[in-house]
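Enquirer: First, the structure itself, so that you have it in front of you.
The values are calculated or read from the model by the stated rules, or taken from the named source; none is laboratory data. Please read all numbers here as calculations on a predicted model, not as lab measurements. All Cβ positions, glycine included, derive from the backbone under ideal geometry; neighbour counts span all protein chains shown. To get the accessible areas, we keep the full protein, side chains included, count just its heavy atoms, and leave off ligands, DNA and RNA. Shrake-Rupley method; radii C 1.70, N 1.55, O 1.52, S 1.80 Å.
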Amino acid sequence: MWQLIILAILCLNVNAEDPYRFFAWNITYGDIYPLGVRQQGILINGQFPGPDIYAVTNDNIIVNVYNNLPEPFLLSWNGVQQRKNSFEDGVYGTTCPIPPGKNFTYVMQMKDQIGSFYYFPSSHSTKQLVDLVGLGF
C-alpha cells in the first residue's frame, strides 16, 4: 500500500515542458517557374514556396536560418505574437538582417495563438517579396 502512495506522490511532482519543434533552413537562390516563366527566386531548403510549419497552441518553434545569399536576409513572421522577444519579429530596423554566410535562430512560442500565419523576407523587401510571391517586374 505504501508503494502506491509513493507512486502517487511522484506522479504529482512531474513537470512537463511544452513541446519543441526544431527547423533548420538553408536560404539560397534558385530557379522558380511561377506561371511557367523562369526567374530567380529565394529557396528554403531547395524548395519554393518555403516549408509549412504545423504547430498547436503552446508549441515552442525554433527555426535556425542559414543565409547563403550574397546579401543580408531577414524573415518577418506575420501575425505571430512575439512574446518577450519582439526583436525577432523581422521588421527591418527592429531586427538586424542575417549577414551573408551567417545564421540566426528564431525562438517563438505559439501560446494561445490560433489561426494561419505566414512568413516572408523583409530585407530588400521589393526584390525579395517579388521573389517570394513569384511576380516579376
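Enquirer: Would you say Gly41 is modelled with pLDDT under 90 and part of a loop (DSSP other than H, G, I, E, B)?
Expert: So Gly41 does not fit the description; no.
Enquirer: Now for a separate question. All but one of (1) in a strand (DSSP E or B); (2) at pLDDT 90 or above hold for Pro70; which doesn't?
Expert: With (1) in a strand (DSSP E or B); (2) at pLDDT 90 or above applied to Pro70, the lone miss is (1).
Enquirer: Go through region 95-137 and give me each residue that's hydrophobic (A, V, I, L, M, F, W, C) and modelled with pLDDT under 65.
Expert: Keep residues of region 95-137 that are hydrophobic (A, V, I, L, M, F, W, C), which gives 96, 98, 104, 107-108, 110, 114, 117, 120, 129-130, 132-133, 135, 137.
Hits for region 95-137 are Leu129, Val130, Leu132, Val133, Leu135, Phe137.
Enquirer: May I ask you to list the residues in region 31-76 that are touching a Pro at 6+ places or on another chain (Cβ under 9 Å), open to solvent by less than 30 Å² (accessible area, probe 1.4 Å) and not β-branched (Val, Ile, Thr)?
Expert: Gly41, Asp59, Asn60, Asn67, Leu69, Phe73, Leu74, Leu75, Ser76
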